[in-house]
Amino acid sequence: MLVVMKAHATEDEIRGVCQKIEKLGYRAHPMPGAQRTAIGITGNKGEVEQGTLEEMPGVQEVIKVSKPYKLVSRDIKEDNTVIRFTGTDVAIGGNGLAIVAGPCAIESREQAFAVAERVSRAGAQFFRGGAYKPRTSPYSFQGLGEEALRIMAEIRQQYGMKIITEAIDNESLDLVEEYADMIQIGARNMQNFSLLKRAGRAKKPVLLKRGMSATLEEFLMAAEYILSEGNYNVALCERGVRTFADHTRNTLDLSVVPAVQRLSHLPILVDPSHGTGKRNKVTPLSRAAVAVGADGLMVEVHNNPDEAMSDGPQSLFPDQFDELMVQVRQIAAVVGRTVPGIGMYEPTAVSK
Ligand code: PEP
Ligand code: MN
């Protein structure tokens, strides 16, 4: 159920409706928009009695939401969500593309700083690096944990980049929330509902990656878990799905970008690194992702990919990332987007 307020409804009227909803035993989610505020109602088992709400001052109409997802839907919020990072003009979901770059995992202070220096110089506003790595094998490198979080906090201090890193359980989420600027929920945890709820109670924005076999509806429902707990700052990330194709690690589903944008107000990034698993495909698919309308990219970069402790084959060399940024700026201009951050490299012709 959705309460649509009149265009000129006052703060008091909006508060009044929210209080009424809470009094009825439900949860109210006010979503301000450019034209009007809508208030989503969750927590109802059956039908909400419409009459009382409809008669309240400032209410335009009460609508039944037929889709299974409510708060992530464009029905409740027509305008795109823009996630803002306090004290800066850095954003995800606005006209500027969010470029997230960094190594798969933080391996050492030297490695992390070497990569950070290069991606920051190339124009990335967000630095990524795994502190807690969800690995297929229990014998593979699992990440440096809190030490990695401390290194990334230093990187933020030195380069001003915002830090995005993955939480794999409630315990690591507590720490990631403390140190990072944005909490990543990885593909393997997209349907870890207790973790999603915990992320929904976090004070930091969440980057939710698509599960490797998740349908669009499952993806949006996972985001709904986070919003339903009151955290509306969620960005989605397409990172490839499992198909029969074996020329790439996963099949990057770029068609999900316009599909999400039609149904949801949440921003969506694309990760061509995990999406392809192959370094030589990362730049072409970055261009395609920007062309298709993605709100940003997440790209793995390593100072020495051949020695990387995880995902070396898909990690770009820093020079390749420089070139990727040049090309992405060219495509961005074509689709009316900008790439914040000053790159120091001159545009060259788009090459394969
Ligand atoms: C990652 O971004 O570090 C990662 C593990 O990706 P995914 O969850 O998409 O596999
Ligand atoms: Mn990786």
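With everything on Cα atoms, drop me the angle between helix 216-228 and the longest principal axis of the chain, reported from 0 to 90° to the nearest 10.
That works out to roughly 70 degrees.
Please list the non-local residues whose amide H lies under 5 Å from the amide H of Gln184, H modeled 1.01 Å from N, same-chain partners needing a gap of 5 or more.
Residues meeting the criterion, in which the H sits 1.01 Å from N, are Thr165, Glu166, Ala167, Leu207.
Angle between the Cα long axis of helix 279-292 and the longest principal axis of the chain, 0 to 90 degrees, nearest 10?
That works out to roughly 30 degrees.
Under 10 °C and 1.306 mPa s, how fast does the chain diffuse according to Stokes-Einstein, given a Kirkwood radius computed over C-alpha pairs? Answer in µm²/s, whole number.
So the translational diffusion coefficient is about 76 µm²/s.
Roughly what would the spin-label model give for Lys6 and Asn280, points 7 Å off Cα along C-beta, in nm?
Placing both labels 7 Å beyond Cα along the Cβ direction yields 6.5 nm.
Put +1 on the Cβ of every Lys and Arg and -1 on every Asp and Glu Cβ in the chain; which of Gln125, Leu285, Met309 then has its Cα farthest towards the positive end of the dipole?
Ranked along the dipole, the leading option is Leu285.
How far, in nm, would the chain grow between Gln60 and Thr86 when pulled straight, counting 0.36 nm per residue and subtracting the alpha carbon separation?
6.1 nm is the gain from fully extending Gln60 to Thr86.
Return one whole number: the accessible area per residue of region 288-329 in Å², for a 1.4 Å probe.
In whole numbers, region 288-329 has 30 Å² accessible per residue.
If one takes the longest principal axis of the Cα atoms in the chain, at what angle in degrees, from 0 to 90 and to the nearest 10, does the Cα axis of helix 318-334 lie?
Taking the Cα atoms of the chain, the angle to 318-334 is about 40 degrees.
Which whole-Hz couplings ³J(HN,Hα) result when phi for each residue of region 91-98 is put into the Karplus expression 6.51 cos²θ - 1.76 cosθ + 1.60, θ = phi - 60°, listed in order with x for Gly and Pro?
Running phi through 6.51 cos²θ - 1.76 cosθ + 1.60 with θ = phi - 60° gives 8, 10, x, x, 5, x, 7, 8 Hz.
Label 7 Å along Cα→Cβ of Arg150; region 127-142 residues with amide nitrogen under 16 Å?
Residues passing the 16 Å test: 131-132.
Search the structure for amide H atoms under 5 Å from the amide H of Val59, placed 1.01 Å from N in the peptide plane, and list their residues when 5 or more places away or on another chain.
Lys6
Residues of region 2-63: accessible area per residue at 1.4 Å, in Å²?
Solvent-accessible surface per residue comes out at 57 Å².
How high is the FRET efficiency from Gln50 to Glu217, r the C-beta distance, R0 35 Å, rounded to 0.05?
With a Förster radius of 35 Å, E is 0.85.
For Phe141 and Glu178 in one chain, what is 0.36 nm times their gap in residues minus the Cα-Cα distance, to one decimal in nm?
The span from Phe141 to Glu178 would gain 11.0 nm if fully extended.
Whenever you get a sec, line up Asp295, Asp246 from highest to lowest accessible area (probe 1.4 Å, protein heavy atoms).
From most accessible down to least: Asp246, Asp295.
Please list Arg128, Arg262, Arg150 in order of solvent-accessible area, largest first, computed with a 1.4 Å probe with all protein chains present.
Arg262, Arg150, Arg128
Rounded to the nearest 500, what is the 222 nm mean residue ellipticity of the chain from helices alone, with -39500 (n - 2.57) per DSSP H run of 4+ residues and division by all residues?
-10500 deg cm²/dmol
Beyond 32 Å between alpha-carbons counts as too far, so tell me which of Lys20/Lys204; Lys67/Lys133; Lys203/Lys281; Lys64/Lys209 fall in that bin.
Lys67/Lys133; Lys203/Lys281
What whole-number distance in Å separates the alpha-carbon centres of region 11-53 and region 282-323?
Between the Cα centre of region 11-53 and that of region 282-323, the gap is 43 Å.
Can you pull the percent of Cα pairs in region 214-265 with separation above 15 Å?
Looking at region 214-265, the distances longer than 15 Å represent 51 percent of pairs.
In the chain, what percent of the accessible surface is made up of carbon and sulfur (1.4 Å probe, ligands and nucleic acids excluded)?
Heavy-atom surface of the chain belonging to carbon and sulfur, 1.4 Å probe: 50 percent.
Using 0.36 nm per residue, how much length does the chain from Glu171 to Thr243 gain when fully extended, once their Cα-Cα distance is taken away?
Stretched fully, the Glu171-Thr243 segment lengthens by 22.6 nm.
From the phi of every residue in region 294-309, what ³J(HN,Hα) in whole Hz does the Karplus formula 6.51 cos²θ - 1.76 cosθ + 1.60 yield, where θ is phi - 60° and glycine or proline is x?
With coefficients 6.51, -1.76 and 1.60, one gets 4, 8, x, 10, 10, 10, 8, 10, 9, 6, 8, x, 5, 9, 4, 7 Hz.
From the backbone phi of region 5-22, what are the Karplus-calculated ³J(HN,Hα) couplings (6.51 cos²θ - 1.76 cosθ + 1.60, θ = phi - 60°) in whole Hz, Gly and Pro given as x?
Listing the rounded values in order: 7, 5, 4, 9, 4, 7, 3, 4, 5, 5, 4, x, 5, 4, 4, 4, 4, 5 Hz.
Counting only residues 5 or more places away or on other chains, whose amide H sits under 5 Å from the amide H of Ile99 once H atoms are built in the peptide plane?
Gln125, Phe126, Leu297
Size of the dipole of region 177-313 about the Cα centre, Lys and Arg at +1 and Asp and Glu at -1 on the beta carbon, nothing else charged, in debye to 20?
140 debye
Kindly work out what percent of the DSSP beta bridges joining two residues of the chain are antiparallel, to the nearest 5.
Around 40 percent antiparallel, to the nearest 5.
The values are calculated or read from the model by the stated rules, or taken from the named source; none is laboratory data. Since the model is a prediction, treat every value here as computed from it, not as a measurement. Note that each Cβ is placed from the backbone with ideal geometry, even for glycine, and that neighbours are counted across all protein chains shown. Heavy atoms of the whole protein, side chains included, go into the accessibility calculation; ligands, DNA and RNA do not. Shrake-Rupley method; radii C 1.70, N 1.55, O 1.52, S 1.80 Å.
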